[in-house]
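The next block holds one structure in the form of structure tokens; read it before the comments.
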Amino acid sequence: AQTVTQSQPEMSVQEAETVTLSCTYDTSESDYYLFWYKQPPSRQMILVIRQEAYKQQNATENRFSVNFQKAAKSFSLKISDSQLGDAAMYFCAYRSHEYGNKLVFGAGTILRVKS
Amino acid sequence: EPEVTQTPSHQVTQMGQEVILRCVPISNHLYFYWYRQILGQKVEFLVSFYNNEISEKSEIFDDQFSVERPDGSNFTLKIRSTKLEDSAMYFCASSPQGRASGYFGPGTRLTVL
């Protein structure tokens with residue numbers, strides 16, 4: 001079974017600076033999808049970014065980018081120019097390409113943004 | 001932009017009572033999911049539904065849970081006899097195809113007393 005590990009329970013960043021959230025996963029599959037979701041205090045789950053494992057290029061969405069290291073099974077999220085509105089819980093998630101459509105989530109990282 | 005909607009936003013019930021959580025997925029989506037999140041914990045998969053049947057379910061999704069798509073728009077999760085440990089946030093999600101990321105609803109907070 002696939003597992004997703006987020007080793008940082010909590011991170012802090014100063015407004016306008018850059019922060020990186022870590023995620024590692026365990027799988028025997030070669031093709032899969034990885035996601036980062038943001039959960040603000042409202043508890044809504046908001047998709048931030050997705051990466052397809054067969055793509056070597058790291059995904060980017062405005063201030064959000066990933067560092068996908070397939071061999072190391074690592075999928076970190078970099079937030080540039082951090083804003084107060086980025087403060088939230090961030091979840092890393094895995095989806096198999098072949099076996100089912102469910103998302104497997106990590107335990108989450110709380111991101112605090114200081115003004 | 002189309003959204004997944006869920007009702008109610010907060011449900012309080014007594015232990016042993018039945019509850020039905022309702023979701024309206026995005027209209028052209030074909031895959032539907034329920035997840036739950038116990039306060040302070042990770043989001044856990046419960047069940048996926050496609051073509052009017054369950055396509056996958058987790059160990060959490062035991063006989064006290066059921067899902068239904070009673071009409072062309074609603075997708076429901078029923079818990080037959082609620083337990084204290086069922087208190088959680090329940091998220092509905094939908095996707096246009098199996099390989100796409102899920103679009104999550106705002107969640108229903110279930111409190112079992």
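The values are calculated or read from the model by the stated rules, or taken from the named source; none is laboratory data. Only a predicted model underlies this, so the values are computations on that prediction, with no experimental measurement involved. In this analysis, Cβ positions are derived from the backbone assuming ideal geometry, glycine residues included, and neighbour counts consider all displayed protein chains. SASA here: full protein model, heavy atoms, side chains in, ligands and nucleic acids out. Shrake-Rupley method; radii C 1.70, N 1.55, O 1.52, S 1.80 Å.
Below are the figures for this structure:
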| read-out | value |
| --- | --- |
| Residue-count net charge about residue B:90 - beta-carbon cut-off 12 Å; Lys, Arg +1, Asp, Glu -1 | +3 |
| Delta accessible area of at least 20 Å² on complex formation, residues of the range A:81-109, 1.4 Å probe, chain isolated as reference | A:91, A:95, A:97, A:101, A:102, A:103, A:105, A:107 |
| Chain A, relative contact order [Cα under 8 Å, separation at least 6], % | 37 percent |
| Between the range B:1-50 and the range B:58-92, the Cα center-to-center distance that results, in Å | 7 Å |
| Exposure rule at most 16 other beta-carbon atoms within 10 Å, DSSP loop chymotrypsin sites (Phe, Trp or Tyr not before Pro): chain A longest free segment | A:1-53 |
| Residue-level accessible surface for residue A:47, protein heavy atoms, 1.4 Å, Å² | 70 Å² |
| Within the range A:17-67, GluC sites (Glu not before Pro) in DSSP loop having at most 15 other beta-carbon neighbours inside 10 Å | A:17, A:29 |
| Residue-span extension gain [residue B:111 to residue B:1] - 0.36 nm each, minus C-alpha spacing | 36.6 nm |
| Relative compactness, chain A, computed as alpha-carbon Rg over 2.2 N^0.38 Å | 1.02 |
| Spin-label zone in the range A:96-114 - amide nitrogen under 15 Å from a point set 7 Å from the Cα of residue B:51 along the C-beta vector | A:100-101 |
| Paired Rg and Dmax values of the protein assembly as shown, which use every Cα atom, in angstrom | 17.6, 51 |
| Extension gain (nm, one decimal) between residue A:16 and residue A:31, 0.36 nm per residue minus Cα-Cα | 1.9 nm |
| Dimensionless Rg over Rh [chain B; C-alpha; Kirkwood] | 0.94 |
| Net charge of neighbours whose Cβ lies under 13 Å from the Cβ of residue B:6, counting Lys and Arg as +1 and Asp and Glu as -1 | +3 |
| In nm, spacing of pseudo-spin labels at residue B:60 and residue B:10 (7 Å Cα→C-beta vector) | 2.1 nm |
